[in-house]
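Following: one structure in structure tokens, then a few remarks.
The values are calculated or read from the model by the stated rules, or taken from the named source; none is laboratory data. Worth saying up front: this structure is predicted, and the values here are computed from it rather than measured. We place every Cβ from the backbone using ideal geometry, glycine too, and count neighbours over all the protein chains shown.
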Ligand SMILES: Nc1nc2c(ncn2[C@@H]2O[C@H](COP(=O)(O)OP(=O)(O)OP(=O)(O)O)[C@@H](O)[C@H]2O)c(=O)[nH]1
Ligand SMILES: [Mg+2]
């Protein structure tokens, strides 16, 4: 198994020296660091411990000025090697690093009491006691505590064994892929390389990735993966990794950016959080936020004593459960928090903040998915996935309707359906001649968030779709004010079935194309040609007369037999031809088809 361990501890307490002693590698990468005997930026070294565990170390600086670098090293690491010099004892940055460990919720680690060769047995014991007391309120309260000397080698074997035991006891990493970048550089001939502590997920050569960060989401392809100095085809957390990326310039990426699967994370500038550690004081409004290797300034809005809304000056890919370090560089204050919601609802109305605090107080480690969907009304499942509320295996909860990639709150859907039923009923009342509401109007009228939901709401409302229109199932378009006029035409046609009313007559009755179309839809009249209407029974009646004529017959004979005009008989005969009841033989003659 492979592991990553971050160091922590006061300046000069022997972190780098200890890493060097354990790995044989030099963690201080910079000439300046080696000249000054001071770590400035993160250092990396790795080894296989005697028990066989592959361990990479991220060595952090202890000096107060480089606390940002320290947090970038500790941020993505699930395990800490906490160093306190036995001869010097607990110091200011011991406290600061302990607070960071507590804030990040790191609960696995080993404590090394270093420089033991320079301390008396009493000093070692006293430092040990102090360390126990100082760590009592953190996840390291029960961590093994081992005195070592990098100079004489005392305790190193015991420390390595304790490290291995604790590392093997750590739970396997779980969670979505998100590699926080801690370094980016370009290699001649190879291009851009980014490095980081892969805490969750896996990567393979050829994978397309998305880089979130300073230069906006960018896609790139993994050309090569290196871990602990060796090239690999695939790699899974927890490991140090270096990715050679195709399609990305080195200046477009840097510490605090994140490598994720394309489209799978969403950067947010809002998050609701719960305080988890730190002094019980009211936090200042402006603070520095550290998460993973990223840092940004944030504005805090208290919701209650424990819950806050963060507005991030730089959007970051956050997910519920993320541990945050909140820091006030002025006062040295360090507080810890956990993200409860990376996609929180806006607080618009009076009382929203208090209601939100109540909801956050009630929110536990498991999310009430139905409530999350309810407060959004409808939400793309992909969006829920991006903000860490569901994974591929999550089923839609009760009271949630799944429809074409969306989850819709059942009560919201019922409201929408009711709204649509009312709109359609209004439409029928206003325009009884029309078949119904045009489908295109549904989304706007109801206020649906997407076209994809139109069918769902129509079905939910029990409405019928026909020819791009939505109507009530029982709706038979009436004739409204045209009713009397159509009845008058029917009466006339009953007496003289083949005398289509003249255009003037129809106009006088107020029957335009719309009204005639509606009358035809209802089976009251048939239109043979624009403005030529007869009763629906006329074609059959006409056939009775025509069958009595000598076959074939001329148009003129037909006109006489039906006692009508050329204006009516021509479209009527064409109608009969079209039905296949008569057949046209030449310019003037036809016969009845038997
Ligand atoms: N005698 C003795 N000296 C040690 C031991 N470990 C470290 N030192 C010395 O302590 C000094 C500081 O050691 P570093 O390893 O640079 O300390 P550090 O914690 O990495 O310091 P920063 O990275 O600057 O925070 C160096 O001069 C080391 O040689 C030890 O076990 N015994
Ligand atoms: Mg160092």
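Tell me the residue from 20, 98, 91, 34 that is more than 42 Å from the chain's Cα centre (by Cα) and either more than 11 Å from ligand 1 (Cβ to nearest atom) or under 22 Å from residue 239 (Cα atoms) (or both), please.
Working: 98 fails: more than 42 Å from the chain's Cα centre (by Cα); 91 fails: either more than 11 Å from ligand 1 (Cβ to nearest atom) or under 22 Å from residue 239 (Cα atoms) (or both); 34 fails: either more than 11 Å from ligand 1 (Cβ to nearest atom) or under 22 Å from residue 239 (Cα atoms) (or both).
Exactly one of 20, 98, 91, 34 is more than 42 Å from the chain's Cα centre (by Cα) and either more than 11 Å from ligand 1 (Cβ to nearest atom) or under 22 Å from residue 239 (Cα atoms) (or both), namely 20.
May I ask you to verify whether residue 5 is away from ligand 1 (no atom under 12 Å from the Cβ), under 22 Å from residue 229 (Cα atoms) and surrounded by fewer than 16 Cβ atoms within 10 Å (Cβ to Cβ)? Spell out the reasoning first.
Numbers: away from ligand 1 (no atom under 12 Å from the Cβ): yes; under 22 Å from residue 229 (Cα atoms): yes; surrounded by fewer than 16 Cβ atoms within 10 Å (Cβ to Cβ): no.
Criteria not met by residue 5.
Note down all Cβ pairs under 8 Å where the first residue falls in segment 106-117 and is modelled with pLDDT of 95 or more, the second is away from ligand 1 (no atom under 16 Å from the Cβ) and part of a helix (DSSP H, G or I), and they're at least six residues apart or on different chains.
Partner pairs satisfying both residue conditions: 108/166; 108/167; 108/169; 109/166; 110/162; 110/163; 110/166; 111/135.
Can you pull out the residues in segment 114-146 that are farther than 19 Å from residue 55 by Cβ and near ligand 1 (Cβ under 10 Å from one of its atoms)?
115, 116, 117, 118, 119, listed by residue number.
Pairs only if they're at least six apart or on different chains, beta carbon under 6 angstrom, first in segment 276-287 and modelled with pLDDT of 90 or more, second not in a strand (DSSP E or B); list them, first residue then second.
277/102; 277/103
Which one of these is within 21 Å of residue 454 (Cα to Cα), surrounded by fewer than 17 Cβ atoms within 10 Å (Cβ to Cβ) and touching a residue at least 40 places away in the same chain (Cβ under 8 Å): 361, 404?
On the way: 361 fails: within 21 Å of residue 454 (Cα to Cα).
Checking each option against the conditions leaves just 404.
How many residues are within 16 Å of residue 262 (Cα to Cα), surrounded by 16 or more Cβ atoms within 10 Å (Cβ to Cβ) and free of Cβ contacts under 8 Å to residues at least 40 places away in the same chain when one looks only at segment 381-399?
2
Residues in segment 505-525 that are touching a residue at least 24 places away in the same chain (Cβ under 8 Å) and either in a loop (DSSP other than H, G, I, E, B) or over 55 Å from the mean Cα position of the chain (by Cα) (or both): how many?
Count: 7.
Regarding residue 41, is this residue closer than 21 Å to residue 17 by Cβ and touching a helix residue (DSSP H, G or I) at 6+ places or on another chain (Cβ under 8 Å)?
Details: closer than 21 Å to residue 17 by Cβ: yes; touching a helix residue (DSSP H, G or I) at 6+ places or on another chain (Cβ under 8 Å): yes.
Criteria met by residue 41.
Name every residue in segment 41-88 that is within 16 Å of ligand 1 (Cβ to nearest atom), farther than 23 Å from residue 184 by Cα and in contact (Cβ under 8 Å) with a residue 60 or more places away in the chain, in order of residue number.
80, 81, 82, 83, 84, 85, 86, 88
I need every pair where a residue in segment 18-33 that is farther than 12 Å from residue 46 by Cβ has its Cβ under 6 Å from the Cβ of a residue that is assigned to a loop (DSSP other than H, G, I, E, B) and within 13 Å of ligand 2 (Cβ to nearest atom), sequence separation at least 6 or different chains.
18/150; 21/150; 28/39; 33/39; 33/40
Having 3 or more residues that are buried (at least 16 other Cβ atoms within 10 Å of the Cβ) is the bar; report the strands (runs of 3 or more DSSP E) wholly within segment 140-245 that clear it. Quick ask: steps written out before the conclusion?
Working: elements: 145-147, 179-187, 191-198, 202-204, 208-212, 218-227, 230-232, 234-236.
It comes to 145-147, 179-187, 191-198, 208-212, 218-227.
Only one residue in 432, 481 is part of a helix (DSSP H, G or I) and in contact (Cβ under 8 Å) with a residue 24 or more places away in the chain. Which one?
Working: 432 fails: part of a helix (DSSP H, G or I).
Going through 432, 481 in turn, just one is part of a helix (DSSP H, G or I) and in contact (Cβ under 8 Å) with a residue 24 or more places away in the chain: 481.
Return a yes/no flag: does segment 390-399 have any residue that is at pLDDT 90 or above, in a helix (DSSP H, G or I) and over 17 Å from the mean Cα position of the chain (by Cα).
Looking through segment 390-399, none of the residues is at pLDDT 90 or above, in a helix (DSSP H, G or I) and over 17 Å from the mean Cα position of the chain (by Cα).
Restricting to segment 119-129, count the residues that are assigned to a helix (DSSP H, G or I) and out of contact with any strand residue (DSSP E or B) (no Cβ under 8 Å at 6 or more places or on another chain).
Going residue by residue through segment 119-129, those that are assigned to a helix (DSSP H, G or I) are 121-129.
Pick out the ones that are also out of contact with any strand residue (DSSP E or B) (no Cβ under 8 Å at 6 or more places or on another chain) and you get 121-123, 125-126, 129.
Adding up the residues that qualify gives 6.
Mind telling me which of the residues 561, 540, 529 ends up being surrounded by 14 or more Cβ atoms within 10 Å (Cβ to Cβ) and at pLDDT 90 or above? Working first, answer last.
Values: 540 fails: surrounded by 14 or more Cβ atoms within 10 Å (Cβ to Cβ); 529 fails: at pLDDT 90 or above.
Answer to the check: 561.
Determine which single condition residue 110 fails, assuming it passes every other condition in (1) within 42 Å of the chain's Cα centre (by Cα); (2) surrounded by fewer than 23 Cβ atoms within 10 Å (Cβ to Cβ); (3) within 16 Å of ligand 1 (Cβ to nearest atom); (4) not in a helix (DSSP H, G or I).
The single condition residue 110 does not satisfy is (2).
How about segment 8-17: which of its residues are surrounded by 23 or more Cβ atoms within 10 Å (Cβ to Cβ) and within 8 Å of ligand 1 (Cβ to nearest atom)?
Taking segment 8-17 first, the residues surrounded by 23 or more Cβ atoms within 10 Å (Cβ to Cβ) are 8-10, 13-16.
The answer is 9, 10, 13, 14, 15, 16.
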